[in-house]
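To start, the structure itself, in structure tokens.
No lab work stands behind these numbers, since they all come straight from the coordinates. Just so it is clear, the structure is predicted and the values come from calculations on it, not from any experiment. Ideal geometry is used to build each Cβ from the backbone, glycine not excepted, and the neighbour counts take in all protein chains shown.
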Amino acid sequence: MKIGIIVHSQTGHTLLVGERIREKLQADGHEALVVRMQNLENEKAKNPIDVQLDSLPETAGYDALIFGAWVQGFTLCPGFIKYVEQLQDLGQAQVCCFLTQQFRYKWMGGNRAMFKMTRSLEAKGAVVKSTAIINWSHKKREQQIEELAERFTSQYKA
Ligand SMILES: Cc1cc2nc3c(=O)[nH]c(=O)nc-3n(C[C@H](O)[C@H](O)[C@H](O)COP(=O)(O)O)c2cc1C
């Protein structure tokens, strides 16, 4: 399968997780690509309207999509919200979603951000199959990333 891993990543954490998923998918024989977007200027803008993205990654041309973003101010980063707002209908595409956040526990913004992420993608016609949150300061971060990559990859096994 050709799998697109589309991430919004400012400082590289979300990108790194995306790369780990890519490696596992490739090891399983898939064609997997990581496409990163970032905010230009005004990096800490709170309102999607104030965010300028460096790119708007294509969602067409893949057999499956994985989206990654991060937690900003206890909710979903506005750059990703802005990105989803401009997407065309995803036509029942089955997607996986993940988030990174600094704090150790998912209730410190992660759960709320994930609710927003899944709802906004569903509003664009996606069917969310699997989600995960990586807590960057958690001592088991490596294990979290490994489990996420394993779980997402298992979605695409024949
Ligand atoms: C302006 C700002 C607000 C943030 N708010 C939160 C937050 O509410 N909760 C949290 O756990 N992490 C928060 N973080 C940390 C990021 O979610 C975390 O570092 C994330 O992994 C960054 O992803 P990236 O490296 O892909 O950009 C915040 C970071 C910034 C810059």
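Things worth noting here:
- Three semi-axes of the equivalent ellipsoid, segment 15-65, Cα gyration tensor, whole Å, largest first: 28, 13, 7
- Ranked list, fewest to most other Cβ atoms within 10 Å of each Cβ, for W70, W107, W136: W107, W136, W70
- C77 long-range amide H proximity, modeled H, under 5 Å: W70, Q72
- Antiparallel bridge percentage (DSSP; both residues within the chain; nearest 5): 15 percent
- Extended-chain gain in nm, criterion 0.36 nm per residue less alpha-carbon gap, K139 and M1: 46.3 nm
- Using only Cα coordinates, the Kirkwood hydrodynamic radius of segment 28-158 works out to 15.4 Å.
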